[in-house]
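Student: Sharing a structure with you now.
The values are calculated or read from the model by the stated rules, or taken from the named source; none is laboratory data. Just so we're clear, the structure is a prediction, and the values are computed from it rather than from any experiment. As a convention, Cβ positions derive from the backbone with ideal geometry for all residues, glycine included, and neighbour counts pool all protein chains shown. Ligands, DNA and RNA are excluded from the accessible area calculation, which covers all protein heavy atoms including side chains. Shrake-Rupley method; radii C 1.70, N 1.55, O 1.52, S 1.80 Å.
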Amino acid sequence: MEFKVSELEREPIDFDLELAPGAIDLGEEAEQVGPLATAGRAEVLHEHRGPRDIVADILLKGSFAGKFQVPCARCVEPVEIPLSAEFDLIFRPSEADSEPLERSITAPETEIGYYQGDGLLLEDVLREQVLLSLPVRTLCKPDCKGLCPRCGANRNLQPCSCDEGPNDPRWEALTDLRSRIKS
Ligand SMILES: [Zn+2]
Ligand SMILES: [Zn+2]
């Protein structure tokens, strides 16, 4: 869904829709595995920078909720997580701030995004908002055993042969050294 400034100039647009699974491409970090519900309102805000210098910003306020899949931080098996968040964003035309010294920023800079041409794609905004709301680290279960650093086997499924043998403190010291070298 695209919000065009020319349309928003006439009236704000309220949206309430459901995007099919996979509609938002999140790259390597996550996958949208369920429908993504999103609702909100888009409108234009005119920034009067001078008598002839009026910048048309797009205000976008809303929320999303959906189901996503991310790799477990230890064993990289996919883990399903529900995510939802609210957003309240300002987008300026990308050419409006080409002169950094002329910037007149009232809101904290981090809240300001930019739109190209004459509009903004809701999907692009959602992609960014979903990525921002992803947890830093997700585990498939609190005690996930992870992958064997030596043979790469998933140790939740079966103990690998690397684990065999007595626990000799000298070997442990070596293992410790190896993991330090690897990391
Ligand atoms: Zn895991
Ligand atoms: Zn192993």
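Student: Filter the stretch 122-142 down to the residues that are open to solvent by 70 Å² or more (accessible area, probe 1.4 Å) and touching a residue at least 60 places away in the same chain (Cβ under 8 Å), then identify the one that is farthest from the chain's Cα centre (by Cα).
Tutor: ARG137
Rundown of residues vs (1) surrounded by 14 or more Cβ atoms within 10 Å (Cβ to Cβ); (2) within 16 Å of ligand 1 (Cβ to nearest atom); (3) at pLDDT 95 or above, yes/no style:
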site: PRO51; (1), (2), (3): no, no, no
site: GLY62; (1), (2), (3): yes, no, yes
site: ALA65; (1), (2), (3): yes, no, yes
site: ALA85; (1), (2), (3): no, no, yes
site: SER94; (1), (2), (3): no, no, no
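Student: Report yes if some residue within the stretch 98-117 is closer than 24 Å to ASP16 by Cβ, at pLDDT below 95 and surrounded by fewer than 18 Cβ atoms within 10 Å (Cβ to Cβ); otherwise report no.
Tutor: Yes, the stretch 98-117 contains at least one residue that is closer than 24 Å to ASP16 by Cβ, at pLDDT below 95 and surrounded by fewer than 18 Cβ atoms within 10 Å (Cβ to Cβ).
Student: Then there is this: Please go through (1) within 17 Å of ASP118 (Cβ to Cβ); (2) open to solvent by less than 10 Å² (accessible area, probe 1.4 Å); (3) of a type outside the set (Val, Ile, Thr) for CYS75 and return the number of the only condition it doesn't satisfy.
Tutor: Condition (1) is where CYS75 drops out.
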